[in-house]
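Values quoted throughout were computed directly from the atomic coordinates according to the rules given, and no laboratory measurement underlies them. Note that the coordinates shown come from a computational prediction; the quantities given were computed from them, not determined experimentally. For neighbour counting, all protein chains shown are included, and Cβ atoms are generated from backbone atoms with ideal geometry for every residue, glycine included.
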Amino acid sequence: MNERPVVILTALDLEYEAVRRHLSDLRLHRHRAGTRFEIGRLPNGCHVALGLVGKGNQPAAVLTERAITEFDPFALLFVGVAGALWPDVDLGDVVIATHVYAYHGGTSEDDGLKARPRVWEISHEPDQIARHLVRNGTWKRRLPADQAAAEVRFGPIAAGEVVQDSAISAHAQWVRQTYNDALAIEMEAAGVAQAAHLNRSLPMVVIRGISDRADGTKVKTDGVGWQAKAVTNAAALALALAEELARETLRGNVADRTEKAEGESMPEIVRNVAKGSAHVGVQAGRIYGNVSIGQPSQAVLDPAGQLADLRHKLSKACAAGDVDVATFTAAEEEIDVAAQSLSENTDQGKNKAMIALRRLRGLLMDVADLASKVASVIAAIRGTL
Ligand SMILES: Nc1nc2c([nH]c(=O)n2[C@H]2C[C@H](O)[C@@H](COP(=O)(O)OP(=O)(O)OP(=O)(O)O)O2)c(=O)[nH]1
């Protein structure tokens, strides 16, 4: 749906795996310096370039810069685990960084260490979208059935150069006193935030699952699997956010294209006619989506393809004012559910998709074209059962 991908970066292998699990059609992308990214798709068609940066702000900054240059993403997400700095932040909770503190900046003076804080703030639109997703709870659909529900918190994250695993060391006390509104602590967000800022303030969000309390019990909580549980929650929310950000970008693009189409004389469908032995190239201002050469084709798309086509038509109908924004949003959610259920490729998944599509048919019944398109997707799925 979006030509530009979202980049998602992680530090640890288990974080990478937690994101990778949500992607389909994965393919390897090698950078000439040896960095390996994988490019996959989310159920709504949004492309994701996934990378592993390792631990620490420095490699995170360098590889974030590399990913931005390589993929020109519309947004960047960092997904991982972190330690909680306060007792009311629970294991398994998800923290979305409203601010990132690079807490190691300072001057060492005769009377002690003085902080020289650097801080980056979350961009407005991803912040609003993330809060909306948390409010309506739809992101939880991506959690495995046996995963306990997590609380999501918005607040600052402190990023430094050490693994913090004490509540009483001088370092721990200094962090808690100097950055006392920070909810969580980790080692990459400052590098990622710096790289995003230096790239025209690319929208960037850090999403962390709490896997320990940064208080000397990390070995124990790691040992009973909290890292995997915590990052499963963070990844589910991150991918819901990626989809919604992609949708917003598409909405912007569709509106943009519609305005241009009205101002330009070029019609949407251009027929290039050759007479005699003349050779004619494609004469069109822009070409979007599939290109058919020759007579209009009646090719039959599979259910997933039909669903993608339906999504595209829905966006156009919304941009043209035939579908209001509330209906559009509700309809897109049903399409997401149908696409995700279909991607399971089981009879159960197909049945779930049919139920979502029946709800969708109800939502779109006033728009004849779209309602009949929904009916044909239902028929196509029924044919595969
Ligand atoms: N859960 C948690 N994650 C943290 C903390 N500090 C911290 O940097 N992180 C994030 C950022 C790093 O990418 C990564 C470090 O955790 P880790 O489990 O790899 O730490 P470690 O180096 O002590 O682990 P190990 O390889 O020695 O087992 O997790 C913390 O206190 N708790």
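Taking the Cα centre of segment 300-385 as reference, the dipole from Cβ charges on Lys and Arg (+1) and Asp and Glu (-1) amounts to some 240 debye. Shown is the FRET efficiency for S108 and A33, computed with R0 = 30 Å from the Cβ-Cβ distance and rounded to the nearest 0.05: 0.25. Under the shape rule built on the C-alpha gyration tensor, where the axes satisfy a ≥ b ≥ c, segment 306-351 is prolate, since a/c reaches at least 1.5 and a/b is greater than b/c.
For the chain, the longest principal axis of the Cα atoms and the long axis of helix 347-363 meet at an angle of about 70 degrees.
Taking all Cα pairs closer than 8 Å and separated by 6 or more residues, the relative contact order of the chain comes to 19 percent.
The magnitude of the dipole of segment 51-155, with charges of +1 and -1 set on the Cβ of Lys/Arg and Asp/Glu and taken from the Cα centre, is near 320 debye. Taking each DSSP H run with n ≥ 4 as -39500 (n - 2.57) and averaging over every residue of the chain yields -14000 deg cm²/dmol at 222 nm.
Axis angle, to the nearest 10 degrees, between helix 368-382 and the longest C-alpha principal axis of the chain: 80 degrees. Grab the beta carbon distance between R382 and V62, set R0 = 41 Å, and tell me the FRET efficiency rounded to 0.05. Given R0 = 41 Å and the Cβ-Cβ separation, E is 0.20. What whole-number distance in Å separates the alpha-carbon centres of segment 209-230 and segment 317-381? Using only Cα atoms, the two centres lie 40 Å from each other.
Each DSSP beta bridge with both residues in the chain is either parallel or antiparallel, and the antiparallel ones are about 45%.
Each residue in V323, V163 was given a count of other beta-carbon atoms within 10 angstrom of its own, and listing them fewest first yields V163, V323.
Return the single residue from K220, K229, K55 with maximal mean-square fluctuation; model: Gaussian network over the chain, springs between Cα atoms under 10 Å. Of K220, K229, K55, the most mobile in the Gaussian network model is K220. With the simple model of a label 7 Å out from the Cα in the direction of the Cβ, T138 to V119 spans 3.2 nm. Excluding same-chain neighbours fewer than eight residues apart, the lysines reachable from K313 by a Cα-Cα span under 21 Å are K260, K373.
For segment 6-250, the dipole from Cβ point charges (+1 on Lys and Arg, -1 on Asp and Glu) about the Cα centre works out to 620 debye, to the nearest 20. Points 7 angstrom from Cα along the Cβ direction at E161 and L301: gap in nanometres? Modelled inter-label distance: 5.3 nm. Listed cross-link partners K220/K352; K55/K218; K229/K352; K55/K229; K114/K220; K114/K229 are compared with a 28 Å cut-off, the Cα-Cα value being larger for K220/K352; K114/K220; K114/K229.
Classify segment 102-206: rounded, prolate or oblate, from the alpha-carbon gyration tensor (a ≥ b ≥ c, eigenvalue square roots; a/c under 1.5 rounded; otherwise prolate if a/b is larger than b/c)? Oblate, since a/c reaches 1.5 and b/c is not below a/b. Label sites at S343 and S169, each approximated as a point 7 angstrom past Cα along Cα to Cβ, lie 4.0 nm apart. Projecting the Cα atoms of I335, L198, V163 onto the dipole axis of the chain, where Lys and Arg carry +1 and Asp and Glu carry -1 at the beta carbon, places I335 farthest toward the positive end. Entry note: the chain has Rg to Rh equal to 1.04, where both radii use alpha-carbon atoms and Rh is the Kirkwood radius.
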